1. Using +1 on the beta carbon of Lys and Arg, -1 on that of Asp and Glu, and nothing else charged, what's the dipole of the stretch 153-270 about the Cα centre, debye to 20?
2. Quick check: residue separation of Ala127 and Ala272 times 0.36 nm, minus the Cα distance between them. What number comes out in nm?
3. Out of the GluC sites (Glu not before Pro) in the stretch 152-229, which ones are loop residues according to DSSP with at most 15 other C-beta atoms within 10 Å?
4. Return the loop-located GluC sites (Glu not before Pro) in the stretch 14-93 (DSSP other than H, G, I, E, B) with at most 13 other Cβ atoms within 10 Å of their own Cβ; answer none if there are none.
5. For the stretch 1-70 and the stretch 203-277, compute the distance between their C-alpha centroids and round to whole Å.
6. Given the Cα-Cα distance of Val135 and Asp37 and 0.36 nm per residue of separation, how much length would full extension add, in nm?
7. Counting other C-beta atoms within 10 Å, and keeping those with at most 13, which DSSP coil trypsin sites (Lys or Arg not before Pro) do you find in the stretch 317-352?
8. Nearest-5 percent of antiparallel DSSP beta bridges in the chain?
Amino acid sequence: MKYKTLPIILKDMKILLIGGGKVALQKAEVMQRNRVDFECISAEYIDEFKTITSKQTLKSFEITDLNSYGVIIDATGSTDVMDELLEHKRERNFLYNCVDVPEVCDFFFAALIEYGTLKIAVSSSGASPTLAQAVRNKIKRVLPHTLETLNHELQIKRSTGIIDIKQAREEASKMLGRVTLVGCGTGDVDLLTIKAYKTIQSADVVFIDHLISDEIIEIIPKGTMQISVGKQKGAHSVKQEKINEMLIEYASKGLEVARLKAGDPYIFGRGAEEAQALMQENIRVDVIPGISSAIAGPLSAGIAPTARGYATNLSIVSAHLAGNSINTQWIDLLKMKNHTTIVLMGLSRADEIVKAALEAGADANMPTAIISNASRPNQTSVITTLKELPLAAKDAPRPGIIVFGDVVNLHEVLPQYETQEEISDEKIA
């Protein structure tokens, strides 16, 4: 049965709760939490009612107990009490709620989200309180706790005669918006965290780097707005400052923005810059870690960067600096014993890296690996030496990483990572 309902907020009503069991306790806790004045009457109360501070009368309910109450909540589960109240309701005017009997109710309890005096009510009109609670919980996960503070500030302004609707709307939209920096790892959907997957699925707008794989792009819901902001060497790209401005713009509209970043947002991904820019504008920011190619690359090729007996230290460096200049400050790491050095964004600088390394006294025969498209179906691995790196890097697919150190020799004995596609192909075969 469908009911014609109108959600309203009752103010300063005199309320009587009949019942002292678990169901009555649930209603009492809701009213007490909302600082609503009410009284209880029951022949007996469960122990948990000791936490309820309202007036509690210990006796069986009688019609004469109604007095001048404007709202009656029947949590007894007794059909006799219900029939008596419905009969008496014809003679006097009060709002009646009989728990779990929606067809006789004048009103329904909603699933509430409370931010001080700001309350959000979700109601199924008695059809399914469980559904209402599930929707309530979903909304609560999205909204920020700071809404209570904003509501209090706006209340103060209103009480002093300051009513700026435009400013209030802007402040609310900015607070409701959020940007999540999503670490998308190396491109294998199976390596996404559950939180990353859920964020992509629920976002209003998705900003996409050029290294994000087609497989991950495919899991973005069809109706979600997609904006490409990839920065690619040698090609026209969106400047970082512009990306920051766009993230702020969309979040300020109250939207959930997912910023998809290859690898981990904070590993040479400029995620910290974006987070700082957003926080300076009071935009909510969440960061979801991703598997960096610096970690997934060696594993995918059967190389354990910190294997006992091979390496006691691990360094992750970038060969690329701002302005397309090379970084060689890490070169001396190649002379360290029992050390593994993983270089990101270094393939195009292979000649310069080798030149600087040999001049610094690094071993020309140091085991070296190039891993491209780590964890993807088109992954490739090339095993070489330091001195032969420029030749090997010339034809190596991009993106790729370089691994220096004795651990490279482990590729001969350790398993390589298999994508889900490869596993499925094996099962079919």
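Derivation of every value follows stated rules applied to the coordinates shown; laboratory data play no part. Predicted model, so just to flag it, every value in this text is computed and none were measured. Neighbour counts run over all protein chains shown; Cβ positions are idealised from the backbone, glycine included.
1. 400
2. 47.5 nm
3. Loop-located and lightly packed - Glu218.
4. Values: sites: Glu29, Glu39, Glu44, Glu48, Glu62, Glu84, Glu87, Glu91; in loops: Glu44, Glu62, Glu91.
The qualifying sites are Glu44, Glu62, Glu91.
5. 51
6. On the way: separation 98, 0.36 × 98 = 35.28 nm, distance 2.74 nm.
Full extension from Val135 to Asp37 adds 32.5 nm.
7. Lys337
8. Just about 35 percent of them are antiparallel.
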